Amino acid sequence: MNIAVVGTGYVGLVTGTCLAETGNHVVCVDINEEKVQKMKDGVVPIYEPHLDVLFHRNIKAGRLSFTTNLAQAIEKASIIFLALPTPPGEDGSADLSYILGVANDLGKIINDYKVIVDKSTVPVGTAEKVRVAVAKNAKVAFDVVSNPEFLREGFAVDDFLKPDRVVIGASSEKARKTMEELYKPYVRQGNPIIFMDEKSAELTKYAANAFLATKITFMNEIANLCEKLGADVDMVRMGIGSDDRIGKRFLFPGIGYGGSCFPKDVQALAKSAAEVSYDFNILTSVMNVNEKQKTIIIPKIKTYFKDNLKGKHFAIWGLAFKPDTDDIREAPALYVIDELLKAGATVTAYDPEAMPNVKRLLGDKIKFAADQYDALQNADALIIATEWSLFRTPDFDKVSGLLKNKVIFDGRNLYSLEQMKKLSYYYCSIGREVVK
Ligand SMILES: NC(=O)c1ccc[n+]([C@@H]2O[C@H](COP(=O)([O-])OP(=O)(O)OC[C@H]3O[C@@H](n4cnc5c(N)ncnc54)[C@H](O)[C@@H]3O)[C@@H](O)[C@H]2O)c1
């Protein structure tokens, strides 16, 4: 099939590349000229494991190309994916201006029957808004389909190629059949393509993200309670996670959820609920708790340093909002850094992939290290903000030799309390005893 993907961010580029991988011809279009030029030059503009191999293979095979010209991109396409940003507007609702702007343009330029697929995360009713925006100028028939994306950054290629499920919201039989054909190669193991109406598909995505954010937040609250009651959250986690009804995943406590999806999607769902006069209480609590959790480590640091962080120097391991991505949108590390700088401390950070993005954001407000050990020189303490694998088993002899004090504040519970006791560290983590 000939496919156009509008927007080549984390979702669009993975979608385009993975669709080309099964033999489709894909043209990716983006308004960011620099990004498009990079891709034309063979450079993957984001960090996503395994993406580069597929990216280069499909460009070489002539199945994947890039342009800034929307009309050119959609000319031969029978399916047009919209993978555009839906950032929070001022009132917390999803900003649909990117989607509706492109929908408006598509109405003027579509030359043949097209299936227009909304892959962005959008509030209930957006498919209808897209339909109206396209129809305003369209001279040919078209259908609009809602196909929310569930990929996880860091596992995006795997998730796209072998999805747990594909959700398709479509009222047109013709569009439904086209989507079924397109996704068949990805569900050969029998995972379902679930067809439904557009509104239910749109809500499914928000419900999934809000549920996961709630699960993380619940566990963070249990962790905070463990600290007050003297229990160990790791034990509680294992105790409840072995119950099938609860499951082992998304039970790890930490310094809050971040990223480009959970914060904005929880907020947008709460806003959608408020618009129909439904008070979705649990979401308000999730947002409030997460807001506090992002800097929960700061009072712990202040307690250790007797409320005086002026002139103290901190090493931070991890900047990305989670491991295996360079995405720093709403990353808890940024909130921690902000609080440290406000208190008069200085920071040297290391992250395997996210440093260029943070550098663009913070400039020379903090220093960046060449590797994880380089970050530790002269630091009064180490703070762990992202659970990258390479931080899990560091050379502690080296760590101890470089840090000024053997002090670690671990926002991701990477080390066992026994190990920290043996190594004589002051070790403060989340929901567990402080090792002194
Ligand atoms: N990132 C994720 O893990 C993830 C997962 C599932 C769903 N989503 C949803 O998918 C959507 C896209 O997310 P993302 O993370 O890929 O965003 P992103 O910001 O990484 O990428 C969006 C891209 O769209 C481009 N763009 C903006 N306006 C454009 C226009 N008029 N024409 C062409 N291109 C344009 C931008 O230049 C950018 O490259 C959002 O709704 C998001 O909520 C994201």
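Quick notes on this structure:
- Principal axis box of segment 231-365, alpha-carbon based, largest edge first, Å: 47, 38, 31
- Extreme residue, positive dipole direction of the chain, given options 402, 110, 23 (C-beta unit charges): 402
- DSSP-defined beta bridges in the chain - what % are antiparallel, rounded to 5: 5 percent
- DSSP beta bridge pairing in segment 2-196, given as percent antiparallel to the nearest 5: 5 percent
- Distance from the Cα centroid of segment 353-388 to that of segment 276-344 is 15 Å (rounded to whole angstrom).
- Heavy atoms of residue 162 accessible to a 1.4 Å probe, total area in Å² rounded to 10: 130 Å²
- The mean sequence distance of close C-alpha pairs (under 8 Å, at least 6 residues apart), as a share of the length of segment 2-196, puts its relative contact order at 19 percent.
- A Förster radius of 35 Å combined with the Cβ-Cβ distance from residue 231 to residue 211 puts the calculated FRET efficiency at roughly 0.90.
- Carbon + sulfur, % of accessible area of segment 294-428 - ligands and nucleic acids excluded, 1.4 Å: 47 percent
- Pairwise Cα inverse-distance average, inverted: Kirkwood Rh of segment 48-148 (Å): 14.8 Å
- Residues of the chain: accessible area per residue with a 1.4 Å probe, Å²: 46 Å²
- Solvent-accessible surface (1.4 angstrom probe) belonging to residue 278, in square angstrom, nearest 10: 140 Å²
- Spacing of the two label points (7 Å from each Cα toward its C-beta) at residue 165 and residue 416, in nm: 3.8 nm
- With 10 Å bins from 0: P(r) over the chain, alpha-carbon pairs, percent: 4, 20, 28, 24, 16, 7, 1, 0
- Reachable lysines, given that their alpha-carbon falls under 28 Å from the alpha-carbon of residue 60 and they are not under 8 places away in the same chain: 35, 38, 40, 76, 114, 119, 162, 184
- Accessible-area ranking of 10, 47, largest first, probe 1.4 Å: 47, 10
- For the chain, the membrane-span-like helix rule (DSSP H, alpha carbon extent of at least 24 Å along the helix axis, mean Kyte-Doolittle at least 1.6) picks out no helix; this says nothing about an actual membrane.
- Structural descriptor for the chain: relative contact order 12 percent, calculated from alpha carbon pairs under 8 angstrom and at least 6 residues apart.
- Accessible-area rank, largest first, for 31, 194, 46, 74: 31, 194, 46, 74, with all protein chains present and a 1.4 angstrom probe.
- Rounded to the nearest 10 Å², the accessible area of residue 393 at probe 1.4 Å: 120 Å²
- Surface listing: 227, 34, 202 arranged by accessible area from highest to lowest gives 34, 227, 202, probe 1.4 Å.
- Only DSSP H runs of four or more residues enter the estimate; each adds -39500 (n - 2.57), and after division by the residues of the chain the mean residue ellipticity at 222 nm equals -12500 deg cm²/dmol.
- The Kirkwood hydrodynamic radius of segment 138-234, based on inverse pair distances between different Cα atoms, is 16.0 Å.
- Heavy-atom accessible surface of segment 205-292: percent carbon and sulfur, 1.4 Å: 61 percent
The values are calculated or read from the model by the stated rules, or taken from the named source; none is laboratory data. The shown structure was predicted, so the numbers you read here are calculated from the model rather than taken from an experiment. Here Cβ is always computed from backbone atoms with ideal geometry, including for glycine, and neighbour counts include all displayed protein chains. To get the accessible areas, we keep the full protein, side chains included, count just its heavy atoms, and leave off ligands, DNA and RNA. Shrake-Rupley method; radii C 1.70, N 1.55, O 1.52, S 1.80 Å.
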